[in-house]
Amino acid sequence: MQDLLNIFVKSIFIDNMIFAYFLGMCSYLAVSKTVKTAMGLGLAVTFVLTITLPVNYLLETKVLKQGALAWLDPSFADLDLSFLSFIMFIAVIAAMVQLVEMVVEKFAPALYSALGIFLPLIAVNCSILGGSLFMQERAYANIGQATVFGFGSGIGWLLAIVAIAAIRERLKYSHVPAPLRGLGITFIITGLMGMAFMSFMGIKL
Amino acid sequence: MSNEQKPAQEGLFSKKNRRLLIDPMNANNPVTVQVLGICSALAITVKLKPAIVMGLSVIVVTTMANLITSLMRNMIPNRIRIIVQLVVVAALVILVDQVLKAFVYDVSKQLSVFVGLIITNCIIMGRIEAFSLGNTPWKSVLDGLGNGAAYGGILIIVAFFRELLGNGTLLDYPVVEWMGLYDVGYKNNGMMLLPPMALIVVAMIIWVQRAKTPSLIEKD
């Protein structure tokens, strides 16, 4: 239980997708103009991360890793398919996003119309593929850890985009130098928020 | 595909084609103006060498992806084009990743997941979607080269300042030590090596660029 909690806190604050790795930056900059849409996109990203990571974890440990196919037949024991991981992960992500879209449309039409265009766009959000690749690189011990990592990363991303959206709403009333308006000042504020988040690094987990 | 042109009489480097190559460098820069591809850009700019390798990889992938999708543009059904593009790009990225692992293993380790993230780099999907699906192969190649090079250029500028100011080196050569600045009390700014400074350096580039090209300034 303790290790799950550690991974959760670590993925939100210390290894934050935006502030530590800049993943999902495109949609972070494009969709952070109002808090409401930022919240919608953040929830959708959290949702998709939480369901794609366990699926990709199973794919990685049961199919792609060296010797992972041994459960099928002992002769596959030294087969290494890990070079296929990029294309498999992105296919799983695209398929899952499509599936989630259909399920949400059928069973929760209100949520579907609230998320709107963001849901299909998530397939090409770097933080989703990044989550799966980090999962592969860090070799989590079991599927529970991978799921918690996905959920925590999603929450961290949600936190970042809602915070910047709230700041940008206020920013309209301030006098920013003309060439920095819009994009430039958003970068600087994200940098400052990143520095603030770095203070979590001292936490021993 | 309505904006397809017939370049029958056009030279290979006619004025229009040169613009495809040069426009992305300033007025239409993919990173600082169109805000694409920041995702995988900033984390690998701590040092100059990985940034150069990353820039070259992206140039190769954008150019090849543009060429391939442009050759296939009349065969791809419109409804499934996204998945076809993803497969083309993912296959190219796997090739690049294997080449990097074979020839520059240490850099490939430093880039870690960010090579894989070229797949979801918005520049590549964006150029395929906006340009190569509606243009001839040669034009698409030029467009891919231009955008890839502009992206690589930004990476190299950011990495140059971060490595020089943060570490006092360039491509691992101790430049600051050679200039003898440490003897007069100069200190490296370790802050430059941390992730948030990449954002601030990009913001400075945007500031300089927009101050020089006022037409890019955003209206409220």
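The values are calculated or read from the model by the stated rules, or taken from the named source; none is laboratory data. The structure presented is a predicted model; accordingly, all values stated were derived computationally and were not measured. Positions of Cβ are backbone-derived with ideal geometry, glycine not excepted, and every protein chain shown enters the neighbour counts.
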Hits in the range A:179-205 - residues which are more than 7 Å from chain B (Cβ to nearest Cβ) and in contact with a Lys or Arg (Cβ under 7 Å, 6 or more places away or on another chain):
A:THR186, A:LEU205
Among the candidates A:TYR173, A:TYR140, single out the residue that is of a type in the set (Phe, Trp, Tyr), in contact (Cβ under 8 Å) with a residue 60 or more places away in the chain and out of contact with any strand residue (DSSP E or B) (no Cβ under 8 Å at 6 or more places or on another chain).
A:TYR140
Tell me which of these B:ARG18 doesn't satisfy, since it passes every other one: (1) more than 22 Å from B:LEU95 (Cβ to Cβ); (2) within 14 Å of the chain's Cα centre (by Cα); (3) at pLDDT below 80.
(2)
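Of the residues A:ALA108, A:ALA70, A:ALA146, which single one is under 27 Å from B:ASP97 (Cα atoms), among the small types (Gly, Ala, Ser) and free of Cβ contacts under 8 Å to residues at least 60 places away in the same chain?
On the way: A:ALA108 fails: under 27 Å from B:ASP97 (Cα atoms); A:ALA146 fails: free of Cβ contacts under 8 Å to residues at least 60 places away in the same chain.
Answer to the check: A:ALA70.
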Just one listed residue, out of A:ILE87, A:ILE155, A:ILE164, is touching a residue at least 40 places away in the same chain (Cβ under 8 Å), within 14 Å of chain B (Cβ to nearest Cβ), assigned to a helix (DSSP H, G or I) and of a type outside the set (Gly, Ala, Ser), and it is A:ILE164
Quick test for you: out of A:LYS10, A:LYS36, A:LYS65, pick the one residue that is surrounded by fewer than 21 Cβ atoms within 10 Å (Cβ to Cβ) and under 16 Å from the mean Cα position of the chain (by Cα).
A:LYS10
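Within the range B:116-153, track down each residue that is β-branched (Val, Ile, Thr) and surrounded by fewer than 24 Cβ atoms within 10 Å (Cβ to Cβ). Let's see the steps before the verdict.
Going residue by residue through the range B:116-153, those that are β-branched (Val, Ile, Thr) are B:118-120, B:123-124, B:128, B:136, B:141.
Scanning the range B:116-153 gives B:THR136, B:VAL141.
If we scan the range A:55-62, do we find a residue that is aromatic (Phe, Trp, Tyr), surrounded by fewer than 17 Cβ atoms within 10 Å (Cβ to Cβ) and part of a helix (DSSP H, G or I)?
Step one: filter the range A:55-62 for residues aromatic (Phe, Trp, Tyr), giving A:57.
From what's left, surrounded by fewer than 17 Cβ atoms within 10 Å (Cβ to Cβ): none.
Looking for residues that are aromatic (Phe, Trp, Tyr), surrounded by fewer than 17 Cβ atoms within 10 Å (Cβ to Cβ) and part of a helix (DSSP H, G or I), one finds none in the range A:55-62, hence no.
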Since B:MET192 meets every condition but one in (1) crowded, with 21+ Cβ neighbours inside 10 Å; (2) among the hydrophobic types (A, V, I, L, M, F, W, C); (3) within 14 Å of another protein chain (Cβ to nearest Cβ); (4) touching a Lys or Arg at 6+ places or on another chain (Cβ under 9 Å), which condition does it not meet?
(1)
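With a cut-off of at least 2 residues that are under 21 Å from A:MET135 (Cα atoms), name the helices (runs of 4 or more DSSP H) lying wholly within the range B:92-135.
Values: elements: B:105-111, B:113-116, B:122-130.
Passing ranges, in order: B:105-111, B:113-116.
Limited to the range B:162-176, what total is found for residues that are surrounded by 13 or more Cβ atoms within 10 Å (Cβ to Cβ) and either in contact with a Lys or Arg (Cβ under 7 Å, 6 or more places away or on another chain) or in a helix (DSSP H, G or I) (or both)? Break it down into steps so the answer makes sense when it comes.
Looking only at the range B:162-176, we keep the residues that are surrounded by 13 or more Cβ atoms within 10 Å (Cβ to Cβ), and these are B:162-170, B:175-176.
Next, from what is left, pick out any that are either in contact with a Lys or Arg (Cβ under 7 Å, 6 or more places away or on another chain) or in a helix (DSSP H, G or I) (or both): B:162-167, B:175-176.
Total meeting the criteria: 8.
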Can you give me the number of residues within the range A:106-150 that are part of a helix (DSSP H, G or I), touching a Ser or Thr at 6+ places or on another chain (Cβ under 9 Å), under 27 Å from B:MET125 (Cα atoms) and more than 14 Å from chain B (Cβ to nearest Cβ)?
2
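Yes or no: B:MET179 of a type outside the set (Val, Ile, Thr) and touching a Lys or Arg at 6+ places or on another chain (Cβ under 8 Å)? It would help to see each step written out before you state the result.
On the way: of a type outside the set (Val, Ile, Thr): yes; touching a Lys or Arg at 6+ places or on another chain (Cβ under 8 Å): no.
When the stated conditions are applied, B:MET179 does not pass them.
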Given the criterion of a type in the set (Lys, Arg) and within 12 Å of chain A (Cβ to nearest Cβ), identify the matching residue among B:LYS139, B:LYS109.
B:LYS109
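Matching residues to (1) of a type in the set (Ser, Thr, Tyr); (2) buried (at least 21 other Cβ atoms within 10 Å of the Cβ); (3) at pLDDT below 85:
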site	(1), (2), (3)
B:THR45	yes, yes, yes
B:ALA51	no, yes, no
B:SER57	yes, yes, no
B:VAL61	no, yes, no
B:ASN66	no, yes, no
B:ARG73	no, no, yes
B:ILE82	no, no, yes
B:LEU86	no, yes, yes
B:VAL89	no, yes, no
Of the residues that make up the range B:152-161, is at least one closer than 29 Å to A:ILE18 by Cβ, within 14 Å of chain A (Cβ to nearest Cβ), touching a residue at least 40 places away in the same chain (Cβ under 8 Å) and in a loop (DSSP other than H, G, I, E, B)?
no
